[in-house]
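Please read the structure below before turning to the comments.
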Amino acid sequence: MDRYTPLEDFVGLDLPVDQANTTGRDQLGEPEQIPELSDVNCPDELRQLIEALMDRYPDKDSREGHKSASIPALWAVQRQYGWCTPEGIRQAAAVMKVTPAYLESVASFYDLLRLEPSGKSQVLVCTNISCWMRGGDELLDAFCEASGADRGKAGHGGALSADGEVMVSGFECLGACDLAPMVSVNERYFGPLEAADAKTVIDQLREGADVLPGKSLAKRPLPGGEDVPADDRTDSLKGPNQ
Amino acid sequence: MAPKEPGIKETRILLRHAGVPDLHKLATYESYGGYATQKRAYTELEIDWMVDQLEESGLRGRGGAGFPMGKKVSFLPHGDEAKYLCCNADESEPGAFKDRELMQRNPHQLIEGIAIASLAGDIGHAFIFIRGEYDKQGDILDEAVAEAYAAGYLGKNILGSGHDLELVVHRGAGAYICGEETALLDALEGKRGNPRLKPPFPAVQGLYGGPTLINNVETLSNVPHVIANGADWFKSFGTEQSPGTKVVSISGCVKRPGNYEVELGVKLRDLIFGLAGGPLDGHEIKAFYPGGSSSPVLEPKDLDLPYSFESMAEAGSMLGSGSIIVADDSVSIPHLALRTARFYHHESCGKCTPCREGTNWTVKMLERVVRGEATPMDLDIISSVQKNIIGHCLCVLGDSMAMPVSAMVNKFRKEFEEVIAAAAVSEFPTLVGRPIPVGTQEAAGH
Ligand SMILES: Cc1cc2nc3c(=O)[nH]c(=O)nc-3n(C[C@H](O)[C@H](O)[C@H](O)COP(=O)(O)O)c2cc1C
Ligand code: SF4
Ligand code: FES
């Protein structure tokens, strides 16, 4: 028997049927198409970059497409436009021959790919366990106060400063708990910070100055010292690090 | 007088010379013996011998599960289908920051490890999946990989061996779940990072459906040392079941947080007090996670345990990625539980119900606890929710919240009850999770 025959004694309610709910697709519109490259006005350097990225993956010739470059391509869009703009996503989609909706669904999964305008600079304030124990929440307060960003929003996905130049966002562990409490400013790590550092950072960003040069991760030595005496077994080491 | 610090020193193999400013440059790395092992591997050594050494060494995965690395290599099929290696550099578990140090200071050690492991597993395509937040470390890797290509350590017909290897540095974009090995594969294939059902395991069917070896940065960084010095030498470090050294990330309420490389099996006390300097002045240790935020917390009475995979498992916790987070007496355990649960709730990919709903309800109930709107019965409900998560999820992210949260509720139940009781006298708790001002109870139907 056909599984989809309606039950005979089923009394319908005669309510209007939303096609989108029964077929999973809005019957009124066409399914989304892959945009044509000629329609999207993709800057040459962005197109070349995405093509080079696609070329790095072994699925580049597979029939199922070459989606491996999705995240790198979205990074490229974000670097070009400051965030993953709808036009940028369409451009990347045209180069990659996937639908814009596909790339958007990927972008929405990842915290670092931004689907809204996010200022010239981004400050991610870690509020995870180690940073929280060392004052991460207070540091986020201080950044919001110094920049005029909304504290409620900053703790839930990010908020723009009053002048729209800086995005401040509470963030999960950034993998630098040794610097707790720490921040990532334009993808570089700094810590441990005090609340007063927040205003300095915001001022430095506005002036285009170097951010907290003395508190950069790059300057941090190994905590156990740069040189630890070897013992017999490590002394006879062959291979790397002799 | 401050208590005397127990004497302990680091045993550096992976981090040896890590302080040399230019170690991340190929020429400097070579001047310290770098790539000599890859040369031997590609020109003289027998593949079977290398796989044997890796198995024999007992090198266990440093990314969390501690699975023997050599076994994984030996699981790879021997046919000529395309095989892949993925180096897991996603490092997003709260408390973990060792891979960052290893990649930033010594990227070529990792590349050499990948090249040797790829030869041993007859693998032609390798990837380093690095978390997007590690932008600086990603740049360092990009440069190092380019140098290694230029010097002929990567690419076609490496060192005349006939073996080809392409290595791509792939940056993630901020999702803890991509550290889970099958989610990592989906992310690499350009999808949303949702874990896959296992089996099939990646060694059989992984990236693009091909057999795939997935290992952590630290695991792979150990490979050149095992091959250069042999399994017996490697086993002279550490314990019988946990051979080798471990880069341990220590953070939280300690004086000298950071990465320390020690032999596995050293005492926790030596690590936390001796190396990391112990708790901040005027404070005492209350609890600590021995293996990242997903490990059940231990208490000060456990400080004399050796730090090894087997001993942490015996104590009901785990060594995990080797990240110790110390909480002192200024930290409220219910708040710590909430902070932990919130992280997993945020990072749950939402694919399976016990994890998606369980993390959500755990957060809500813990919020009620810290807001003083819970009853002691809620603690039992929290525990039972955790029981319903553990073992019922597709990947272990759900368990990763449930294990530490249940440990905290069990071991610190008194503190939870005190928090509830203290709040209960100040406000009138109800079961709907919202305090009703006294006087309006009748109107609310009570
Ligand atoms: C939610 C979750 C997150 C994980 N994150 C990482 C990670 O960031 N880095 C890592 O090496 N392993 C991580 N793992 C473990 C991996 O799934 C896998 O076991 C590991 O990469 C294997 O490498 P190994 O055997 O060398 O440890 C994670 C596992 C889970 C369930
Ligand atoms: S356990 Fe959680 S993170 Fe893992 S697959 Fe299920 S919902 Fe996703
Ligand atoms: S908790 Fe802040 S970097 Fe890990």
- Selection count, region B:193-213, where residues are within 14 Å of chain A (Cβ to nearest Cβ), touching a residue at least 24 places away in the same chain (Cβ under 8 Å) and surrounded by fewer than 24 Cβ atoms within 10 Å (Cβ to Cβ): 4
- Query: Which condition number in (1) more than 16 Å from ligand 1 (Cβ to nearest atom); (2) away from chain A (no Cβ under 14 Å); (3) closer than 30 Å to residue A:228 by Cα is the one that residue B:319 fails?
  - Reply: (1)
- Does residue B:36 fit the bill of being crowded, with 23+ Cβ neighbours inside 10 Å, at pLDDT 95 or above and either away from ligand 2 (no atom under 16 Å from the Cβ) or at positive phi (or both)? no
- Message: Testing residue A:91 on (1) in contact with a Cys (Cβ under 8 Å, 6 or more places away or on another chain); (2) open to solvent by 20 Å² or more (accessible area, probe 1.4 Å), one condition comes back false. Which one is that?
- Response: (2)
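Sort out which residues of region B:353-370 are open to solvent by less than 30 Å² (accessible area, probe 1.4 Å) and within 16 Å of ligand 2 (Cβ to nearest atom), and write them in order of number. Even if it seems obvious, please write down each step before you answer.
Residues of region B:353-370 open to solvent by less than 30 Å² (accessible area, probe 1.4 Å): B:355, B:358-359, B:362-363, B:365-366, B:369.
Of everything in region B:353-370, those that are open to solvent by less than 30 Å² (accessible area, probe 1.4 Å) and within 16 Å of ligand 2 (Cβ to nearest atom) turn out to be B:355, B:358, B:359, B:362, B:363.
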- Query: Scanning region B:319-355 for residues that are in a loop (DSSP other than H, G, I, E, B) and within 16 Å of residue B:291 (Cβ to Cβ), which turns out farthest from ligand 3 (Cβ to nearest atom)?
  - Reply: B:319
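Could you tell me whether region A:111-121 includes any residue that is closer than 26 Å to residue B:405 by Cα and within 16 Å of ligand 2 (Cβ to nearest atom)? First the steps, then the outcome.
Kept after step one, since they are closer than 26 Å to residue B:405 by Cα, are these residues of region A:111-121: A:111.
From what is left, the residues that are within 16 Å of ligand 2 (Cβ to nearest atom) are A:111.
There is at least one residue in region A:111-121 that is closer than 26 Å to residue B:405 by Cα and within 16 Å of ligand 2 (Cβ to nearest atom).
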- Task: Just give me the residues in region A:126-150 being away from chain B (no Cβ under 14 Å) and in a helix (DSSP H, G or I), in sequence order.
- Result: A:139, A:141, A:142, A:143, A:144, A:145, A:146, A:147
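For region B:6-25, give me each residue that is more than 9 Å from chain A (Cβ to nearest Cβ) and under 22 Å from residue B:219 (Cβ atoms). Before you say what the answer is, go through the steps one by one.
First pass over region B:6-25, keeping only residues more than 9 Å from chain A (Cβ to nearest Cβ): B:6-8, B:21-22, B:24-25.
Within region B:6-25, B:24 is the sole residue that qualifies.
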- (1) part of a loop (DSSP other than H, G, I, E, B); (2) open to solvent by 20 Å² or more (accessible area, probe 1.4 Å); (3) in contact with a helix residue (DSSP H, G or I) (Cβ under 7 Å, 6 or more places away or on another chain); (4) away from ligand 3 (no atom under 16 Å from the Cβ): which one isn't true of residue A:113, the others all being true? (2)
- Within region B:256-283, how many residues turn out to be away from every other protein chain (no Cβ under 14 Å), free of Cβ contacts under 8 Å to residues at least 60 places away in the same chain and open to solvent by 30 Å² or more (accessible area, probe 1.4 Å)? 2
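Could you identify the single residue in B:128, B:123 that is in contact with a Cys (Cβ under 9 Å, 6 or more places away or on another chain), more than 11 Å from chain A (Cβ to nearest Cβ) and either surrounded by fewer than 23 Cβ atoms within 10 Å (Cβ to Cβ) or under 23 Å from residue B:47 (Cβ atoms) (or both)? Can you show your working first?
Working: B:123 fails: in contact with a Cys (Cβ under 9 Å, 6 or more places away or on another chain).
None of the others qualify; the one that does is B:128.
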- Item | Tally, over region B:339-352, of residues that are open to solvent by 10 Å² or more (accessible area, probe 1.4 Å) and out of contact with any Pro (no Cβ under 8 Å at 6 or more places or on another chain) | 8
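Within region B:172-192, can you find the residues that are open to solvent by 30 Å² or more (accessible area, probe 1.4 Å) and either within 11 Å of ligand 1 (Cβ to nearest atom) or of a type in the set (S, T, N, Q) (or both)?
Step one: of region B:172-192, the residues open to solvent by 30 Å² or more (accessible area, probe 1.4 Å) are B:176, B:180-181, B:191-192.
Hits for region B:172-192 are B:176, B:180, B:181.
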- Restricting the first residue to region B:342-356 and requiring it to be at negative phi, which pairs with a second residue that is within 8 Å of ligand 2 (Cβ to nearest atom) and of a type in the set (S, T, N, Q) meet a Cβ separation below 8 Å and a spacing of at least six or different chains? B:344/B:359; B:345/B:359; B:348/B:359; B:349/B:194; B:351/B:194; B:355/B:348; B:356/B:348
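Given the structure, is residue B:160 free of Cβ contacts under 8 Å to residues at least 24 places away in the same chain and at positive phi?
Working: free of Cβ contacts under 8 Å to residues at least 24 places away in the same chain: no; at positive phi: yes.
Taking the combined requirement at face value, the residue does not satisfy it.
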- Task: Pick out, from region B:25-125, the helices (runs of 4 or more DSSP H) lying fully within it that include 1 or more residues that are in contact (Cβ under 8 Å) with a residue 24 or more places away in the chain and under 17 Å from residue B:320 (Cα atoms).
- Result: B:69-75, B:98-105
- Looking at region A:173-190, which of the residues that are in contact (Cβ under 8 Å) with a residue 60 or more places away in the chain and either in contact with a Cys (Cβ under 9 Å, 6 or more places away or on another chain) or more than 16 Å from ligand 3 (Cβ to nearest atom) (or both) is farthest from residue B:344 (Cα to Cα)? A:186
- Message: Quick test for you: out of A:213, A:229, A:223, pick the one residue that is surrounded by fewer than 16 Cβ atoms within 10 Å (Cβ to Cβ) and farther than 21 Å from residue B:225 by Cα.
- Response: A:213
- Message: I want to confirm something. Restricting to region B:371-391 and keeping residues that are open to solvent by 40 Å² or more (accessible area, probe 1.4 Å), in a helix (DSSP H, G or I) and of a type outside the set (S, T, N, Q), which single residue is farthest from residue B:408 (Cα to Cα)?
- Response: B:371
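Could you list, in sequence order, the residues of region B:82-102 that are of a type outside the set (Lys, Arg) and more than 9 Å from chain A (Cβ to nearest Cβ)?
If the condition is that a residue be of a type outside the set (Lys, Arg) and more than 9 Å from chain A (Cβ to nearest Cβ), then B:85, B:86, B:87, B:88, B:89, B:90, B:102 are the ones that fit.
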- How many residues does region A:132-172 contain that are among the polar types (S, T, N, Q) and more than 16 Å from ligand 3 (Cβ to nearest atom)? 2
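Could we say that residue A:120 is in contact (Cβ under 8 Å) with a residue 24 or more places away in the chain, over 30 Å from residue A:140 (Cβ atoms), open to solvent by 10 Å² or more (accessible area, probe 1.4 Å) and in contact with a Gly (Cβ under 8 Å, 6 or more places away or on another chain) here? Before you say what the answer is, go through the steps one by one.
Working: in contact (Cβ under 8 Å) with a residue 24 or more places away in the chain: yes; over 30 Å from residue A:140 (Cβ atoms): no; open to solvent by 10 Å² or more (accessible area, probe 1.4 Å): yes; in contact with a Gly (Cβ under 8 Å, 6 or more places away or on another chain): yes.
No, not satisfied.
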- Residue identified as touching a residue at least 60 places away in the same chain (Cβ under 8 Å), polar (S, T, N, Q) and open to solvent by 10 Å² or more (accessible area, probe 1.4 Å) among A:99, A:127: A:99
- Residue check, residue B:239 open to solvent by 30 Å² or more (accessible area, probe 1.4 Å) and β-branched (Val, Ile, Thr): yes
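The values are calculated or read from the model by the stated rules, or taken from the named source; none is laboratory data. Since we're looking at a predicted model, the values are computed, not measured. Neighbour counts run over all protein chains shown; Cβ positions are idealised from the backbone, glycine included. Remember, those area values only see protein heavy atoms, side chains included, never the ligands or the DNA or RNA. Shrake-Rupley method; radii C 1.70, N 1.55, O 1.52, S 1.80 Å.
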